[in-house]
Structures are given as structure tokens and as C-alpha cells.
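Asks: Dropping the structure in here first, questions after.
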């Protein structure tokens, strides 16, 4: 068994600070570490080597100090280290980075598997794995949580996490996988192992060893560029609600939430209005495409969000808005897409697309792009969109921005893609110099389009050729599907923390969530305890959410959790520890035992909701 493991050294995200005057990140005093997901990739490769024998080669591209990460990987059990180190690599975006890594990896053939972390916690793109797989013509699986190798050792059955559950994917060797948090417990070397690792083989690889053309690397080989970054760190009220009794404090909290519009409708969210068909004069050929996504047979809510923003962008340049959808599609769904803004619906259908395959989907979309030549292609930053869209970028040599929180058209007619990084408090405006421009957008960030049943549009059937899947999904299992789907664009979210003490106490939290018509979310610790499924986890290694109201019950409020709720408009904290970090990152807080506070809150909200509904019925 030979495994190539690609790793990245990242700054400790929780230690980063932003200089608002200089518009730069303050890195002084911030220590660097192996990306947490990459550490799992190293550990898994080493454990596999122990079982089957073979060699583990660890590789990174980075400045001289990145050698520290390689030495640590060698101490963890890797056999050799390769360091792509050259000034020509400076300024590389994900495509240029993947290109360099693919050329270096190809020199190590034959190998059985290539491993990467699911994403890096500083940039959070998740591009490298899928792009590297495409460039190496390998099947890939994103977010692996379990790997069963066949006997003989020539294929694997991989279980991978999705937004709603798990998929089981069959892949032949060699393959590439990206490691999820729960694939394996990450190893950490002891000082003696670190010292011994300094004698293991370490080699520097320069750009000239990979290609005679240095322009394919670094800034020159990068189709995307970053404009001036800025901070969007939310300023919280940090108001601890006082009162002579628990009932007084709960009453005051309810008053504040009602004053902010709880139960009176979502004030800060409207639907993007669709102009009559004849009012949009399409003069430009800069078509905007939205890749539709389905879950449990229905269109996922983020599809309407993409259509809502797409309408505005297309109108800005007098162009058309189109939707792309995979597989057999009912007339009702096609009409639904047209009613929500699509001028055209491209139905990409092929018998090999009946079961999801990342390489088959990417090949089919690539062929459609080459034939119809859109200006921009937008997809959702979901487990699906993050899986196959980077392969499209790699195959066509296109710039791509993932996990956008906004899309704009600048004065030059360029698409500006607003990308969060370093835990979500920093935003980087990104431009691409390749066409079409590719972007994935986080669910819950954009205004959905309204339905207009009088709209008319056209349907174009497209059948790609030579679709031969390298991987095949053989089973899909949904867990917490109802709650997980609602987290995308929920108005209110209630989160249960480990401070509840035992899983039976979740019932109290569920009653509160039911009154608020809110989905339930949770923390990593609760997931590790097995109380709730991973798909409900919010935080750095979980979901990112942006509700109007976020109620955290018995949640300590560690940095890794709070970065996932930075977009929440109002955060409410209930915790019996007055020194819990969450009280420094909330708008309203109550110090008290959840067993006493939450039932009171549920009762008072039930009464407030009844009164609000009574008011709505009055003429």
C-alpha cells in the first residue's frame, strides 16, 4: 500500500486578529499547526500502512516554516516528506495549488490512494481534494468517515458524510479521499518522535522540476485574485438580563424578543420580485446559470435563493437567467423553476446520472458549459456542490470561489464574489479572470425569488456523451433530515449544549424549539456524546447558520462553535455558569439553570404566540 498525503500548515484561527486600519490580519504571536482535517489524513494513512504494509509519503506546498508540519507528519509515522518550495509558487489560488500538487503527486506513481483533509480551517474552500482528483483522473470521495478495503486490495467501500446523513460510495484503486472529522482520532507525536523524525527523508521540490513553464504556478497561474479584505465581526449587546426572580428575567427576555419582531414575521427578509417577462430586455449573452439541487425528490430551498440573486445579477447586465438540473425532472419542477425566475431550464439527463457520482456529474456539467457557454455558474455550497463543482473548475481551468456569502456586479461588469475566511469574521472580495465564473453560495445568505405563475420559459434537454462514472453511490442514508434541511434558512434556531447533562433533557429543549417553530442544532461535544446526529452540529467543523434569532441553551460558547453563528442577528444564551464564554458573544443572556429557565421561557412564549395569532385574526 502506498499513500500520498497532502497537508497544509495553518494559523490557529482562534488567535487571529484583524487590523481595521491596515486592513490586514495580525499574525504576530499566532502559532501555526497542521490543519486538523489533514492530521486525520496522516493518521489514517499511517494506520492503514500498519495493517497492510507499504509507504506513506507526506507532501505540502508552502513557505520554509511549513517544514515544521512535515517533520511532525514524519513523527506521526509517515516515511518520506516532499516540500514544494519555490518563490514561483507564491500567490497560488486553489487551482494553481492543485496543479502543482498534481504534478508532484504524479511523480510518485504508482500509488493506491491520495488523501487530503476535507478542507482547511483558514480558507474553508474544500477545493484541493476534488481538483487534485480531477487532474490525476482519479475517483474521489469527500468527507470520508469510514473506509472498508476489499480483498483483494483493489477497491474500497467508503462511507461519507453529507448535509443530511451518509452515502456509501464504491471506488476502484487508486482513489482520492478527503477525511472528515470522525474518520479517525488524530494522532500527536511525543517529543522523542519529533526528534527522531528530523533524520527521516525530506526533500524540496522546485517549480522547474515540475514544469518548464513557471507561469502555470503562483499568481500568474491563478485565475482568481483577492481584493482588499475587511472584517465583518458582529458587535453584540452583551446584555445580561437581571431580575428579582427567574420569572422576571424570562419575562424581560420575551419582551425584548417580541420588540424585535418574534412571531410577527421575518421583517428583514423579503422575496426577490420577478419583473414581468417583457420588462427584462435581454441584450447580453452573459447568461447566468443556477445549478438546482434536490433533496428527497424536492427542490432544496437554496435553489430559490440562487434564483433570487441570479435575477438581480442578470437584470444588471441585461442577460438571461437559466437553471441546470440533473436527471429525470417532472414537468411540475420545471414549471416551478420557470415561475421562480428561470428563462431557460437545461435538463441534463443520462442513464449514468441516475445514481450520484462526483466525476459523472462534473463531466456532464462540463460538457454543458462547453456547449452553451454561460457567463457565470452558481451552485449551493452544500455537501453536493462542494463535491463536484471543483472538478468542473479543474477540468476547464476555471477560477472558482466557494462558500460565498454574497455576489455583486462591479462597475467593470465583473462578478465580485464575497468569500468569508478565518472562521467567518474576515471577508475577501474575489475576482476571476476566466469565463465562466464559478461560485458556490452558502444556504441562507440570499433572498429567495417569489413565484410568478404567469411567467413563461423554455426547456432544453441536454444529453452528455461518454459518461463513465469512476465512482458510484450504492446507498444513501438520511439522518435528522427534517431538522438538517431547515437549518439552511431557519428564522429561529435552538441549540442544545452538553451542559444539559444527559440526553433525556433534550425533551425540554425540543418543547422550546416547537413553540418557536425552530429546528434543533447542537455542538460538537453533544454529537461526540451520541445524543444528536452530526448533521445538526454547528461550528468550525460543522454547519454555518444565519438565523434571525439563535437560542443557545447550556452551550459553553467556545470559539469553534461561535464561528458557526456569526451571521445570526440576535443570540440568546442560557447558562448556569456566569463565566461561560458565550456571555461575551451574545446579545441577551440569562444566568440560571436551564431546567428552571427553559420551561418558563417556553410557557411565556406560548402565551405570546397565542396573543400574536389572535391579533392577526382581528379585522
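Values quoted throughout were computed directly from the atomic coordinates according to the rules given, and no laboratory measurement underlies them. Computed from a prediction, not measured in an experiment: that's the story for all the values here. Because the Cβ atoms are built from the backbone with ideal geometry, glycine has one as well, and the counts that use them run over all protein chains shown.
Asks: Return P(r) of region 492-533 (all Cα-Cα pairs; 10 Å bins starting at 0; whole %; ordered from short to long distances).
Replies: Binned Cα distances yield the sequence 32, 57, 11.
Asks: Enter the mean projected area of the convex hull around the alpha-carbon atoms of region 188-254, in nm², rounded to one decimal. Write down the numbers at each step before the final one.
Replies: On the way: hull surface 51.2 nm².
Over all viewing directions, region 188-254 projects a mean Cα-hull area of 12.8 nm².
Asks: Next question, about the same structure. I want to check the label-to-label distance for residue 33 and residue 157. Put each point 7 Å from Cα in the C-beta direction and report it in nm to one decimal.
Replies: Placing both labels 7 Å beyond Cα along the Cβ direction yields 3.6 nm.
Asks: Compute the Kirkwood hydrodynamic radius of region 2-222, taking the inverse of the mean of 1/r over all pairs of distinct Cα atoms, and give it in Å to one decimal.
Replies: Values: mean 1/r = 0.0561 Å⁻¹.
Every distinct Cα pair counted, the radius reaches 17.8 Å.
Asks: If you don't mind, another one. If the chain between residue 208 and residue 227 were fully stretched, how many nm would it gain, using 0.36 nm times the residue separation less the Cα-Cα distance? List each step's numbers first, then the result.
Replies: Values: separation 19, 0.36 × 19 = 6.84 nm, distance 2.91 nm.
Value of the extension gain: 3.9 nm.
Asks: So what is the orientation-averaged projected area of region 100-244, using the convex hull of its C-alpha atoms, in nm²?
Replies: Mean orientational projected area (region 100-244, Cα hull): 16.6 nm².
Asks: While we're here: Size of region 425-577 along its principal axes in angstrom, Cα-based, largest extent first?
Replies: Principal-axis extents of the Cα atoms in region 425-577, largest first: 59, 37, 36 Å.
Asks: Stokes-Einstein diffusion coefficient for region 503-619 at 25 °C in a medium of 0.890 mPa s, Rh from the Kirkwood formula over Cα pairs: what value in µm²/s?
Replies: 164
Asks: Apply 1/(1 + (r/R0)^6) to the Cβ-Cβ distance of residue 349 and residue 182, taking R0 = 35 Å, and write down the FRET efficiency to the nearest 0.05.
Replies: Values: r = 35 Å, r/R0 = 1.00.
Efficiency computed from Cβ-Cβ geometry: 0.50.
Asks: On each of the three principal axes of the Cα atoms of region 521-580, give max minus min coordinate, whole Å, ordered largest first.
Replies: In descending order, the Cα extents are 26, 25, 16 Å.
Asks: What FRET efficiency comes out for residue 264 versus residue 595 if R0 is 22 angstrom and r is the Cβ-Cβ distance? Round to the nearest 0.05. It would help to have the intermediate numbers written out before the result.
Replies: On the way: r = 30 Å, r/R0 = 1.34.
E between residue 264 and residue 595, to the nearest 0.05, is 0.15.
Asks: Follow-up question, since we're still on this one. In Å, the Kirkwood hydrodynamic radius of region 75-134 over pairs of distinct alpha carbons? Before the final figure, lay out each step's value.
Replies: Values: mean 1/r = 0.0774 Å⁻¹.
That comes to 12.9 Å for region 75-134.
Asks: Now a separate question. What length, rounded to one decimal in nm, is gained on full extension from residue 373 through to residue 474, with 0.36 nm per residue of separation minus their alpha-carbon distance? Present the calculation step by step, with values, prior to reporting the outcome.
Replies: Details: separation 101, 0.36 × 101 = 36.36 nm, distance 3.28 nm.
Gain on extension, residue 373 to residue 474, equals 33.1 nm.
Asks: How large is the convex hull of the C-alpha atoms of region 277-477 per residue, in Å³? Write down the numbers at each step before the final one.
Replies: On the way: hull volume 25.2 nm³, N = 201.
With only Cα atoms used, region 277-477 gives 125 Å³ per residue.
Asks: Under a plain spin-label model, where a point goes 7 Å from the Cα along Cα-to-Cβ, how far apart in nm are residue 296 and residue 459?
Replies: Taking the simple label geometry, residue 296 and residue 459 are separated by 2.5 nm.
Asks: Next question. For region 216-255, what is the per residue volume of the convex hull drawn over the alpha-carbon atoms, in cubic angstrom? Present the calculation step by step, with values, prior to reporting the outcome.
Replies: Details: hull volume 5.5 nm³, N = 40.
That works out to 138 Å³ per residue.
Asks: Using only C-alpha atoms and all pairs of different ones, pull out the Kirkwood radius for region 330-373 in Å with one decimal. Can you show the working numbers first?
Replies: Numbers: mean 1/r = 0.0843 Å⁻¹.
Value: 11.9 Å, from the Cα pair sum.
Asks: A further question on this structure: What is the Cα convex hull volume of the chain when expressed per residue in Å³? If you can, show how the numbers build up before the last one.
Replies: On the way: hull volume 105.7 nm³, N = 619.
Looking at the chain, the number lands at 171 Å³ per residue.
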